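Enquirer: My questions will all concern the structure given below.
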Amino acid sequence: MKFFVDTADLSEIKDLASTGLLDGVTTNPSLVAQAGAKSFITLIENICKVVKGPVSAEVAATDYPTMLKEGQRLAKIAKNVAVKVPLTPDGLKVCRHLSDNGTMVNVTLCFSASQAILAAKAGAAFISPFVGRLDDISMDGIQLIRDIVQIYRQYPSFKTEVLVASVRHPLHLVEAAKIGAHVATIPPKVIRQLYAHPLTDKGLAAFVDDWKKTGQTILDAA
Ligand code: E4P
């Protein structure tokens, strides 16, 4: 399973990239606003220098001609840019056009299996179903991932990867991994939560204490 980080905060991205566990990045207009970046283009350029895997950069317009121009501009930033478009009729037209011309497209704001089928048919590299936002309205976000993965498996001609988005806690990730989703985009806070277990902390503290009792050091050993 590939791990993307869901943030536009460059210092967070640098820090997480240094773990060697990061396969890509997703941003969206809200995350860019939150990061306070003065130039979106420069921000994406800088992220693409740090992470070699797909970096999603979202168009701002909602009409086909402007979204297409924006998408083409974003795709020029670096080879690893995945242009993010909304799951609308115009967004999917842009997806078809850019995908046919060799640009990766991430179709975002997916909330149903029927939408995911359309994105695959439009040649999307990624479909982003939002699990947390579905849970928020008492719908089962993980069930949507199960449905999309099952549907895509029936059609080997669909090359679209399921990119689990709106991840709110480690269980979302574990459930998505059990289903076989290709990618999860995870907020930095949740990535850090993945490491945590009280028995790891307790066990490590005991090992450190007991090692002191041996009076030895590994590095000074003959
Ligand atoms: C996906 O690409 C989105 O950026 C993101 O996962 C949305 O998450 P949220 O619902 O927590 O805003």
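Enquirer: At 7 Å along the Cα-to-beta-carbon direction for both Lys202 and Leu10, put a label point, then send me their distance in nm to one decimal.
Expert: 4.4 nm
Enquirer: Tabulate in residue order the Karplus-calculated ³J(HN,Hα) for the stretch 123-140, using 6.51 cos²θ - 1.76 cosθ + 1.60 with θ = phi - 60°, rounded to whole Hz; enter x for Gly and Pro.
Expert: Karplus values, whole Hz, x for Gly and Pro: x, 4, 6, 9, 10, 10, x, 9, 5, x, 5, 6, 4, 4, 9, 6, 10, 8.
Enquirer: For the chain, what is the mean residue ellipticity at 222 nm derived from helices alone (per DSSP H run of n ≥ 4: -39500 (n - 2.57); sum divided by total residues; nearest 500 deg cm²/dmol)?
Expert: Dividing the helical sum by the residues of the chain leaves -15000 deg cm²/dmol.
Enquirer: Using the eigenvalues of the Cα gyration tensor, what equivalent ellipsoid semi-axes result for the stretch 135-222 when each is taken as the square root of five times the eigenvalue, whole Å, largest first?
Expert: 42, 17, 10
Enquirer: Here's something else I'd like to know. Once the mean 1/r over all distinct Cα pairs of the chain is inverted, what Kirkwood radius in angstroms do you read off?
Expert: Hydrodynamic radius (Kirkwood, Cα only) of the chain equals 18.6 Å.
Enquirer: To continue, here is another question. Applying the Karplus parametrisation 6.51 cos²θ - 1.76 cosθ + 1.60 with θ = phi - 60° to the phi angles of the stretch 191-207, what ³J(HN,Hα) value in whole Hz is obtained for each residue in order, glycine and proline being reported as x?
Expert: These are the phi-based 3J(HN,Hα) values: 4, 5, 5, 4, 6, 6, 8, x, 6, 5, 4, 5, x, 5, 4, 5, 5 Hz.
Enquirer: Grab the eigenvalues of the alpha-carbon gyration tensor for the stretch 135-179, scale each by 5, take roots, and send me the semi-axes largest first in whole angstrom.
Expert: Equivalent ellipsoid of the stretch 135-179: 21, 11, 9 Å, largest first.
Enquirer: Could you pull out every residue, at least 5 positions away or on a different chain, whose amide H is within less than 5 Å of the one on Val25? Hs are placed 1.01 Å off N in the peptide plane, and Pro or chain starts have none.
Expert: Val5, Val55, Ser56
Enquirer: Of the cross-linked pairs Lys2/Lys69; Lys178/Lys202; Lys14/Lys213; Lys14/Lys212, which ones have a Cα-Cα span greater than 32 Å in the structure shown?
Expert: Flagged as over cut-off: Lys14/Lys213; Lys14/Lys212.
Enquirer: Rounded to whole Hz and in sequence order, give me ³J(HN,Hα) for the stretch 106-122 from the Karplus expression 6.51 cos²θ - 1.76 cosθ + 1.60, θ = phi - 60°, writing x for Gly and Pro.
Expert: 10, 8, 10, 6, 9, 10, 8, 5, 5, 4, 5, 5, 4, 4, 5, 5, 7
Enquirer: Same structure again: What FRET efficiency comes out for the pair Lys212/Lys189, r = Cβ-Cβ distance, R0 = 35 Å, nearest 0.05?
Expert: Calculated value: 0.60.
Enquirer: Here's a follow-up. Quick one: which residues, 5+ away or cross-chain, put their amide H under 5 Å from the amide H of Met104? H built at 1.01 Å from N.
Expert: Val83
Enquirer: To the nearest 10 square angstrom, what accessible area does Leu22 show with a 1.4 Å probe?
Expert: Its accessible surface works out to 30 Å², give or take rounding.
Enquirer: Using the structure shown, list the pairs from Lys84/Lys189; Lys76/Lys159; Lys49/Lys93; Lys52/Lys159; Lys38/Lys121 with a Cα-Cα distance above 31 Å, or answer none.
Expert: Exceeds cut-off: Lys38/Lys121.
Enquirer: What is the Cα centroid distance between the stretch 154-222 and the stretch 120-142, reported in whole angstrom?
Expert: The distance from the Cα centre of the stretch 154-222 to that of the stretch 120-142 comes to 23 Å.
The values are calculated or read from the model by the stated rules, or taken from the named source; none is laboratory data. Just so it is clear, the structure is predicted and the values come from calculations on it, not from any experiment. FYI the Cβ positions are ideal-geometry reconstructions off the backbone, even for glycines, and counts take in every protein chain you see. In case anyone asks, the SASA skips ligands and DNA or RNA and just uses the protein heavy atoms, side chains included. Shrake-Rupley method; radii C 1.70, N 1.55, O 1.52, S 1.80 Å.
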